[in-house]
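The values are calculated or read from the model by the stated rules, or taken from the named source; none is laboratory data. Bear in mind the structure is a predicted one, so any value in this text is a computation, not a measurement. Neighbour counts run over all protein chains shown; Cβ positions are idealised from the backbone, glycine included.
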Amino acid sequence: MRGDPFIELLELSKSYQEGDRTHVVLDRATLAIDPGELVVLLGRSGSGKTTLLNLVSGIDLPDEGGVVVDGVSLHELSERERTLFRRHRIGFVFQFFNLLPTLTVEENLLLPLELSGRLGKQERERALELLDRVGLGARRASFPERLSGGERQRVAIARALAHDPDLLLADEPTGNLDADTGREVLDLIDSMTRQEGKTLVMATHSREVAHVADRVFRLDHGRPVELSDIDLVPPARQ
Amino acid sequence: MRRLLIKAATGHFRKHPLQAAFSVIGVALGVAVFVGIEGANGSALRAFDVSTRAVTGRTTHHIVGESLGVPGDLYRVLRIELGIRWSAPVVEGFVFVMPGPRSPSPAGARRRFRLLGVDLFAESSFRDQLDPRTSSIDLAGLMTRSGISLSGPSARELSVEPGDFLRVVVAGHPHQLEVVGLFEPQNDFERQASADLLVTDIGTAQALFGLGAGISRIDLVVPPDLRDEPETALRPIRDALPPGVSIVRPEQRSAAAEQMTRAFRLNLRALSLLALLCGAFLIYNTMTFAVVQRRPTLGILRALGATSRELFAIVLVEAAIVGALGSALGVPIGSALARILVDRVAQTVNDLYFTVTVSVVSVPLSVLAAGVILGIGAALVAAFGPAAEALRTEPRSALDRAELEGRLHRAVPLVTAIGLALAAAGSACLLLPLTDLVSSFMGLFLVLLGLACLTPATTLLLMGVLTPVAGGLFGTLGRFSARSVVAALSRTGVAIAALMMAVAVTVGVDVMIQSFRGTVDRWLSNSLPADLYVTSPQALVDRFSATPAALDDADVAVLRGLKGVDRVTTVRSVRVNSSVGPVQLLAHDLVEIGHTAFRLKDGDPAQAWPAYERGDSVLISEPFAFRHRLDLGESLSLETPSGVRSFRVAGIFYDYATEEGTVLLTQKMYRELWSDRGITAAALYLRETSQDIAVDSAPSDAELERVKSAAEAALGGELVIRSNGLLREQSLRVFDRTFVVTGVLRLLAVLVAFVGVLAALTALQLERGRELGVLRALGLTPREVWTLVTTQTGLIGLVAGLLAIPVGLVMSAIMIHVINRRSFGWSLEMTISAQPLVAALALSIGAALLAGLFPAYKMSRTSPAEALRGE
């Protein structure tokens, strides 16, 4: 028997206008994710994965339906309330790392803590410990431009967890990395979120990522469809 | 050029029309300021030229004397003894005309007119005003009833008709003159020419100006058959001329006016070019942004086979289009600006140089063309750097931003070295013993450009100090804001330089004006020791025309006899010919008071004053010495009615009254040599009312008013009697008026820079969209985004303001010690007070914050999803 879901998508719809055409990205999508669950969203480019993450984080608003995270209906909140919710409860990992180039590694790491007003001694130590855990404790004074792609993404993971959010959203976190580095980063995300007991929603187009997931969904015509283990076996092996 | 290539390369501006619009506005403002100033200057000069030609008519030569005119007997000699029938006598001077009883103008609103007295019998071949075909003048009335005629439009403005009487004030004395006819201008030129002209019979004019049989000049029309060799025709006339009288060509008067105002006009032109320079910075800024932001596109185009030359050409063509659009917009704005500025320019010309009424404002095609060429030229020059950047684009898809910025940071020492070299070259132009203004302005521009090149290095230094401060105040976001300024130095550097330049102009001009005003104020306090000054309105109107004496010895005796008057000193101010051309001669009867009123810059007072008082030496003013390269001990020859007399220069005194300069001679010697007992102005010293030196012994306002009323009653007429306080106040008002145009230009330069900063910040924030999107995703509220952007723009303003202060002070020092000296020959004491410096800092930060409002608003409103999606 499942308890209350941590994330609920309620008949979620989102479309974009492209000239005269309306491009439907999400069409009455419904989904429930449990606390501490690691969910992977699969889909081709343009299938609506990023849009779905933006809606779950409150960055964007649905045309219809709603998003409930930990009992909070995001679609009913104001812009400011959604931002503050995101600030305190959500961590982000992007495909292009999106570290702020003018801040050092340490400053990038501490920024979410500072924004949420929780930059105390303990929190700072915990954040730096995260940096040690991703193996970059010695690079805290470096600027992002000095780091490799894999290192930047490891800093981004640490940053996403620095303020101890309940939910981690990762948008193609390995999409810009080579295969080996991608695997390392994925393992890191997996281990760290599980250790910290966080809920993780990861969007990717790579089926190989699926092995770390508790459940895997494919976005099909704007709706998430759960895939079984059979579905996830590469065609050649079936 | 290939259509798709152009479309791909120029898509940036189509996508971001606002950036293109800012550039166009920048050029437009720069061009508008140039066209406006040139148009206003040109209109004032043309008005003088036109009104001079109106009274010149077909005259080919003038016989002129000093300001006392030409002896009337000379005309008789020419006409009768030498048989020169192509000569006509003229009396010319300025008068005030009161509006007619039906005029809507207020009763006290007097208007200045040029009064031309002509000999009706000799006149027909000279001027058209009395031509029966275009005028309705009762010639008999003109001669027999002391009548006057004026142009139809002027008569309608004054609400008078033929048969009415006009109240005309000459040398302070009112006269009623009958309007005996009107002449109708046939075109715009004639309308302008006759706007301030009254024509009367020569006898009437002689009587009005108190010239007796004297005349202002004799006009000559060399007959067509003698014009091939005019000198042959003129030789017998030259032989008959008495000392102090010479033959000049009419165009020499306009040339003299042009020469007289050259420095003034050049100063204004330089300021207008400074506005254009700010505009050029703006274009450089936008084009740099456009190229940098398009690097991936340009890289792809290179990879697809576009040559670097094609990309170079595309950027230059874009700049030329921006320049052309800006010029097209700037030219009509400039023409409108000329109409706004012309009154102020004309007022200054009237205050400082000569009388002119500008009724037609036109901007010649040459100025419009120059504006367009300058606009497009500035755009092309400014875009050359960015175009070269496009030329270097490698055929790969994108160049890392950090790499690009890193390259710029590595180039900072080189840019600094270039800046130092430019500043050194500019300083050389300023320090070399040159006297021409063009090299001075070139020096100023080089120094300014050089200092602008130091902006990246000094910005890095300043931000090194400000980053921890911002971090301390606003935490990581503060440091983020501060570091973003340095991280995007390729963009912020230009914005800071443009704003710094405009604010530096403000500091420079403010400190220069303040120093100038302070010097003039101190000089006025020193040189106005008397309590009351009496003169005629004419003496105030046009110091370069014949100035009838306002007073005579009998008037002075009356003044001396007034109750409460202790002493009266007098001065006669006349124009005389000299070995260096016409000069303004001040013949003073002051003795010991002069020693304090005329403070010597060069010359030992113990020797200079006795030499002056002996009458064999003169004192000359500083601008006079500068203008004519005269030094102590050298001699100056003056043409007197009794022959040429040589005077030794015994001293050079500080004087800020005119840039032409004056020569000081004892009145005793002047009267002896010129036999002229006229007096232009008198200074009254009132009796001290208190014997207690601890008590302020200045006369009370009531006492001044009482003596003033008594003097007015005793002398009659409309003399101008002013206290030294009022005179000082009025002089400073004239001074302030002189700088009104400068103020307008300064404002426009700031406006151009403001648009520049607005453009730079908008582009910068546009580029940082993704970064701000990340911050929004991390939980930054729109308000915090606003704060972030505003902190950054505030820092840009602060840095620009801090840099503008030393640059502005350097600029003002150059203007005070080099440009001003080479323009006018005045020594000014540089005065620096905190007020303009604080104001500059506030202006800089305020302008940057204001310019940051729009991008801050735009970014805070941008959806983070949109920003993260990128361009």
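How do the pairs read when you match residues in region B:418-447 that are closer than 11 Å to B:I819 by Cβ with residues anywhere that are assigned to a loop (DSSP other than H, G, I, E, B), using Cβ under 9 Å and keeping only pairs 6 or more apart or on different chains?
Between residues of region B:418-447 that are closer than 11 Å to B:I819 by Cβ and residues that are assigned to a loop (DSSP other than H, G, I, E, B), the close pairs are B:S439/B:L432; B:S440/B:L434; B:G443/B:L432; B:G443/B:L434.
It is to be established whether one or more residues within region B:481-491 are away from every other protein chain (no Cβ under 14 Å) and within 30 Å of A:L111 (Cα to Cα).
There is no residue in region B:481-491 that is away from every other protein chain (no Cβ under 14 Å) and within 30 Å of A:L111 (Cα to Cα).
Take B:L341 and decide whether it is of a type in the set (A, V, I, L, M, F, W, C) and modelled with pLDDT of 75 or more.
yes
If you scan region B:789-822, which residues turn out to be modelled with pLDDT of 85 or more, touching a Ser or Thr at 6+ places or on another chain (Cβ under 6 Å) and under 15 Å from B:L444 (Cβ atoms)?
Within region B:789-822, B:I816, B:V818 qualify.
Tell me whether region B:774-785 contains one or more residues that are more than 14 Å from every other protein chain (Cβ to nearest Cβ) and within 30 Å of A:N54 (Cβ to Cβ).
No, the conditions are met nowhere in region B:774-785.
Conditions tested, residue by residue: (1) assigned to a helix (DSSP H, G or I); (2) touching a Gly at 6+ places or on another chain (Cβ under 6 Å); (3) acidic (D, E); (4) not assigned by TED's automatic domain parsing to the domain that holds B:S362.
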| residue | (1), (2), (3), (4) |
| --- | --- |
| B:R191 | yes, no, no, yes |
| B:T200 | no, yes, no, yes |
| B:A213 | no, yes, no, yes |
| B:I218 | no, no, no, yes |
| B:T232 | yes, no, no, yes |
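What number of residues in region B:846-870 are within 11 Å of chain A (Cβ to nearest Cβ) and either within 13 Å of B:E771 (Cα to Cα) or among the hydroxyl-bearing types (S, T, Y) (or both)?
9
Return the only residue of A:D34, A:D63 being over 27 Å from B:G769 (Cα atoms) and surrounded by fewer than 17 Cβ atoms within 10 Å (Cβ to Cβ).
Of the residues listed, the single one that is over 27 Å from B:G769 (Cα atoms) and surrounded by fewer than 17 Cβ atoms within 10 Å (Cβ to Cβ) is A:D34.
Conditions: (1) within 14 Å of chain A (Cβ to nearest Cβ); (2) over 27 Å from B:G326 (Cβ atoms). B:L764 meets all but one. Number of the miss?
Unmet for B:L764, out of (1) within 14 Å of chain A (Cβ to nearest Cβ); (2) over 27 Å from B:G326 (Cβ atoms): (2).
Determine the pairs where a residue that is more than 15 Å from A:L53 (Cα to Cα), located within region A:1-27, has a partner that is of a type in the set (A, V, I, L, M, F, W, C) with Cβ atoms under 7 Å apart, the partner being 6 or more residues away or on another chain.
So the pair list comes out as A:P5/A:A32; A:P5/A:I33; A:Y16/A:V25.
Can you pull out every residue in region B:823-846 that is among the small types (G, A, S), at pLDDT below 85 and either over 24 Å from the mean Cα position of the chain (by Cα) or not in a helix (DSSP H, G or I) (or both)?
Answer for region B:823-846, where residues must be among the small types (G, A, S), at pLDDT below 85 and either over 24 Å from the mean Cα position of the chain (by Cα) or not in a helix (DSSP H, G or I) (or both): B:G825, B:S827.
Out of region B:427-480, which residues are among the charged types (D, E, K, R) and away from chain A (no Cβ under 14 Å)?
Within region B:427-480, just B:D436 meets the criteria.
Hey, does region A:196-206 have a residue that's in contact with a Lys or Arg (Cβ under 9 Å, 6 or more places away or on another chain) and of a type in the set (D, E)?
no
Quick one: in region A:69-83, of everything that is modelled with pLDDT of 90 or more and among the acidic types (D, E), which residue is farthest from A:F6 (Cα to Cα)?
A:E76
Run B:G779 past the list (1) in contact (Cβ under 8 Å) with a residue 40 or more places away in the chain; (2) surrounded by 19 or more Cβ atoms within 10 Å (Cβ to Cβ); (3) outside any helix (DSSP H, G or I) and report the number of the one that doesn't hold.
Of the numbered conditions (1) in contact (Cβ under 8 Å) with a residue 40 or more places away in the chain; (2) surrounded by 19 or more Cβ atoms within 10 Å (Cβ to Cβ); (3) outside any helix (DSSP H, G or I), the odd one out for B:G779 is (1).
Among the listed residues A:L186, A:L169, identify the single one that is part of a strand (DSSP E or B) and crowded, with 19+ Cβ neighbours inside 10 Å.
A:L169
May I ask you to say which residue of B:G852, B:G870 is in contact with a Lys or Arg (Cβ under 6 Å, 6 or more places away or on another chain) and modelled with pLDDT under 90?
Testing whether each residue is in contact with a Lys or Arg (Cβ under 6 Å, 6 or more places away or on another chain) and modelled with pLDDT under 90 leaves just B:G870.
One line per residue, one yes/no per condition, for (1) surrounded by 16 or more Cβ atoms within 10 Å (Cβ to Cβ); (2) under 16 Å from A:L200 (Cβ atoms):
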{"site": "A:V39", "(1), (2)": "yes, yes"}
{"site": "A:G43", "(1), (2)": "yes, no"}
{"site": "A:G46", "(1), (2)": "no, no"}
{"site": "A:T51", "(1), (2)": "yes, no"}
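Go through B:R733, B:R737, B:R746 for me and flag whichever is buried (at least 17 other Cβ atoms within 10 Å of the Cβ) and basic (K, R).
Only one candidate qualifies: B:R746.
Looking at region B:531-553 only, could you name the residues that are surrounded by fewer than 21 Cβ atoms within 10 Å (Cβ to Cβ) and modelled with pLDDT of 80 or more?
B:Y533, B:D552, B:D553
With the requirement that a residue be hydrophobic (A, V, I, L, M, F, W, C) and more than 17 Å from B:A497 (Cα to Cα), what does region B:820-849 give you?
Matches in region B:820-849: B:F824, B:W826, B:L828, B:M830, B:I832, B:A834, B:L837, B:V838, B:A839.
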